[in-house]
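What follows is one structure encoded as structure tokens, with my remarks underneath.
The values are calculated or read from the model by the stated rules, or taken from the named source; none is laboratory data. The shown structure was predicted, so the numbers you read here are calculated from the model rather than taken from an experiment. Neighbour counts are summed over all protein chains in view; Cβ atoms, including those assigned to glycine, are modelled from backbone coordinates with ideal geometry. Heavy atoms of the whole protein, side chains included, go into the accessibility calculation; ligands, DNA and RNA do not. Shrake-Rupley method; radii C 1.70, N 1.55, O 1.52, S 1.80 Å.
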Amino acid sequence: MASKDTVLILDFGSQYTQLIARRVRENKVFSKIISYKTPAEEIKKLKPKGLILSGGPASVYDKKPPMPDKRIFKLGIPILGICYGVQVICEVLGGKVKSSKAHEYGKTELFIDDNTTLFYSLPANISSWMSHADSVVKMPAGFKTMAHSLSTPNAAISNKAKKIFGLQFHPEVAHTQRGNQIVNNFLFRVCRCAPRWVMHSLVKKSIDDIRATVGKKKMVVCGLSGGIDSSVVAAMIHRAIGRRLKCIFIDNGLLRKNEAKQVRKVFGEYMRLNLTVVDASKRFLHKLKGVTDPELKRKVIGEEFIKVFEEKAKSLKNVEYLAQGTLYPDVVESVSAFGGPTAKIKSHHNVGGLPANMKLKLLEPLRDLFKDEVRLIAKDLKLPDNLIHRQPFPGPGLAIRILGDVTPERLDILREADERVIEEIQKARLYEQIWQSFAVLLPIKTVGVMGDERTYENVVALRCVNSLDGMTADWVKLPYDVMEKISLRIINEVKGVNRVVYDISSKPPSTIEWE
Ligand code: XMP
């Protein structure tokens, strides 16, 4: 049964290739990324309704530029070339590409000259995201301009009779206004796809793939963090191979209040996973004694985590795979393209940061996906709602929210304060709307007065941010009454705190976590 239409994306090495695939998926059309080298006959066999040629770092004037099988242009399948993709179209079909006088990087105003087909229902000008040095100076025969910018006369071109389109800008990135409409127009107006593909199909396929990869005898080990990514991975693998999945949850002593208990309940009792909880809190706290430098904290925690995990994993027999909740933004090298230098600023650690020398093969079923897609999968797998909507929590836990020394006493103070933040944010029905809301314990004391007595106690900072993917973030304009309740409750109920302040910094230039 032909249950889905397929659009193939020929990858020329762009950092946005997955983003194109995601935009197609969002429109309920199945998409598959293949190498730009795939022969035309193989492409034909897959019966795609459309082809998208991605961007890429090369120039058609390089010595050996990556070029597709030229016969793809004779298959009669609609083609959309993006950035390097449009230059490929020109090069193959007899146009001319040249290094532009003015390079265009970033937001560029685009003037639409033809608002049919690809640009149907778009306004006369939109803001588009460009990132190119070369551009089309002569179109191939039969092509016309569909849009221009001030320095690129052929910012969009087409041969409508042959259904071949080319865009110098990137419709797949969020910075291009109505970019999704352009992708939608290509899929439905040009390729005539039917929107039939759903996330469920991807889940089913991934589970089948896991079963086929792991085989009938081998075991898989998975480090659970309690967060959504590793939970979804565990749930998928559990569906595929049942009790042959062994999950390890390490309590590093840096978790929030009742977190370890909840993990045992959800994963052990509710999901019935083969789960081992390791209480390593003493080891971690011992190693952290006297460590105040943020990077050193992260390093110590990361290394200790690996040691504990390895010790546990070694005692398991027949394990061949290590499952990780790696997501696409963790994989893409140039995440900083949109101004998110996170990966270079902090040594991020999560259960994904395990060493290659564990000699286990990796199983990473989410590595092509984005966080919100993982939430959809979690829904499809019927994971509990409170897990699906859980705000992200960093691998190094509360240690990077306690500035300075991490001691059991300071952990207790922060746990109590944090619990009140979460409770009040939930009461105000803001929890699911906010990317993260949490408390930070500062390394200073201030003077206060309680019941006629002078106090000299700790300061807690409240941090609430909105973000799409953690790469950039805005501080949340919390209603004053919510702030007031949080402050009152923390100061009145948490021993050792006499002041609460609100963090009004965005990322960049700040980061979400304080360390
Ligand atoms: P920053 O502080 O870099 O955080 O702006 C961006 C997002 O990443 C989370 N974060 C981490 N997550 N391991 C993780 O799994 C880490 O080491 C780590 N450090 C930060 C942070 O909570 C925010 O959502």
Over the stretch 121-154, the set of residues β-branched (Val, Ile, Thr) and within 22 Å of ARG178 (Cα to Cα) is ILE126, THR145, THR152
Given (1) charged (D, E, K, R); (2) touching an Asp or Glu at 6+ places or on another chain (Cβ under 6 Å); (3) closer than 25 Å to TYR328 by Cα, LYS485 misses just (3)
Of the candidates ASN498, ASN492, ASN466, the one satisfying the condition of being without any contact (Cβ under 8 Å) to a residue 60 or more places away in the chain, outside the structural domain of PHE370 (by TED's automatic domain parsing), more than 9 Å from the ligand (Cβ to nearest atom) and under 23 Å from LEU327 (Cα atoms) is ASN466
Residue count, the stretch 436-453, condition modelled with pLDDT under 95 and over 12 Å from ARG499 (Cβ atoms), comes to 3
Does LEU369 satisfy the condition of being at pLDDT below 95 and buried (at least 22 other Cβ atoms within 10 Å of the Cβ)?
yes
Any residue at all in the stretch 264-276 that's surrounded by fewer than 20 Cβ atoms within 10 Å (Cβ to Cβ), in the same structural domain as ILE377 (by TED's automatic domain parsing) and of a type in the set (Val, Ile, Thr)?
yes
ILE34 meets each of (1) under 19 Å from ILE157 (Cα atoms); (2) in a strand (DSSP E or B) with one exception, condition (1)
By residue number, the members of the stretch 19-44 that are open to solvent by 20 Å² or more (accessible area, probe 1.4 Å) and more than 16 Å from PRO68 (Cβ to Cβ) are LEU19, ARG22, ARG23, ARG25, GLU26, LYS28, PHE30
Going through (1) without any contact (Cβ under 8 Å) to a residue 12 or more places away in the chain; (2) touching a Lys or Arg at 6+ places or on another chain (Cβ under 7 Å) one by one, ALA212 fails only at (2)
With the first residue restricted to the stretch 503-515 and required to be part of a strand (DSSP E or B), and the second required to be within 6 Å of the ligand (Cβ to nearest atom), Cβ contacts under 9 Å at 6 or more apart or on different chains are LYS507/THR342; LYS507/GLY470
All conditions in (1) open to solvent by 50 Å² or more (accessible area, probe 1.4 Å); (2) within 16 Å of the ligand (Cβ to nearest atom) are true of THR511 except (1)
Within the stretch 179-204, residues being touching a helix residue (DSSP H, G or I) at 6+ places or on another chain (Cβ under 9 Å) and over 25 Å from ILE377 (Cβ atoms) number 6
Wholly inside the stretch 92-198, strands (runs of 3 or more DSSP E) that include 2 or more residues that are closer than 24 Å to ILE9 by Cα and open to solvent by 50 Å² or more (accessible area, probe 1.4 Å) are 96-112
